[in-house]
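The structure's right below; bear with me while I get my questions together.
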Amino acid sequence: MNEPQTTSLEIDPTEVRRRLDAGDPLHLLDCRTEGEWEIARIEHARLIPLQEISLRMEELEDWRREPIVVYCHMGARSMVITRLLRHVGFDDVRSMAGGIDRWSREVDDKIATY
């Protein structure tokens, strides 16, 4: 994996917050488990766990041409989903670097860490 490609697939949590605050049309996709979702979540995100994505892909069809930020706990699962969605033709998908863990440390400390 080369570094420029990895970088283009990721977005910094502070940039996500800036874009949300600016009113940018940005969809948040949480690919963690339901149990993790119960512990901590980002407002307005849609939960589709990694293990369910192939069965629930149609739920994302309306987002195909819109910006999507995928997140998980630390960033590994969201990178899998990001690559998958790009592979099947979603144009603007990025994984949130560091996941919800980094979000809670740098953007919103009211969100629990685990």
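What follows draws every value from the coordinates through simple rules; no lab data is involved. Keep in mind it's a predicted model, so treat the numbers as computed, not measured. Neighbour counts run over all protein chains shown; Cβ positions are idealised from the backbone, glycine included.
Would you mind ranking T14, T82 by Cβ crowding within 10 Å, fewest neighbours first?
In increasing order of surrounding Cβ atoms, one gets T14, T82.
Okay, moving on. Going by how many other beta carbons lie within 10 Å of each one, how would you line up V107, V69, fewest first?
Least to most surrounded, the residues fall as V107, V69.
Taking amide H positions as placed in the peptide plane 1.01 Å from N, state which residues far from I11 in sequence (5 or more) or on other chains have amide H under 5 Å from it.
Here the answer is S95, M96, A97, since their amide H atoms fall under 5 Å of that of I11.
While we're here: Let me check I've understood the local charge: for D24, count other residues with C-beta under 14 angstrom from its C-beta, Lys and Arg +1, Asp and Glu -1. What total comes out?
Charge balance near D24 sits at 0.
Would you be so kind as to identify which of G75, T33, V88 lies farthest towards the positive end of the dipole of segment 3-106, taking Lys and Arg as +1 and Asp and Glu as -1 on Cβ and the Cα centre as origin?
Of the options given, the answer is G75.
Around I48, under 14 Å between beta carbons, what's the net of Lys plus Arg minus Asp minus Glu among the other residues? Provide the component values of the computation, followed by the final result.
On the way: positive: R32, R41, R46, R56, R77; negative: D30, E34, E36, E52, E58, E59, E61, D62.
Around I48, the surrounding residues sum to -3.
What residues of segment 19-34 lie in the reach of a label at S8, counting those whose backbone N is under 20 Å from a point 7 Å from the Cα along Cα→Cβ?
Inside the label zone: nothing.
Another question, if that's okay. Apply the Karplus parameterisation 6.51 cos²θ - 1.76 cosθ + 1.60, with θ equal to phi minus 60°, to every residue of segment 77-85 and state each ³J(HN,Hα) to the nearest whole Hz, in sequence, with x for glycine and proline.
5, 5, 5, 4, 5, 4, 5, 4, 4
Let me ask something additional. Of E66, E38, E15, which has the largest mean-square fluctuation in a 10 Å C-alpha GNM of the chain?
Ranking E66, E38, E15 by mean-square fluctuation puts E38 first.
What residues of segment 84-114 lie in the reach of a label at H44, counting those whose backbone N is under 16 Å from a point 7 Å from the Cα along Cα→Cβ?
Under cut-off, by backbone N: 108.
Convert each backbone phi in segment 58-74 into a coupling constant with the Karplus relation 6.51 cos²θ - 1.76 cosθ + 1.60 (shift: θ = phi - 60°), then list the ³J(HN,Hα) values in order as whole Hz, x for Gly and Pro.
4, 5, 9, 3, 5, 8, 3, 9, 10, x, 10, 10, 9, 9, 9, 6, 10
What Kirkwood radius, in Å to one decimal, follows from the Cα pairs of the chain? Can you show the working numbers first?
Details: mean 1/r = 0.0715 Å⁻¹.
Evaluated over the chain, this radius sits at 14.0 Å.
List every residue whose amide H lies under 5 Å from the amide H of T33, counting only residues 5 or more places away in sequence or on a different chain, with H placed 1.01 Å from N in the peptide plane.
Counting only residues 5 or more places away or on other chains, the set is empty.
What does the charge add up to near A97, with Lys and Arg as +1, Asp and Glu as -1, over the other residues with Cβ less than 11 Å from its Cβ? All intermediate terms of the calculation are to be shown ahead of the outcome.
Working: positive: R94, R102; negative: E10, D12, E15, D101, E106.
Net local charge, A97 excluded: -3.
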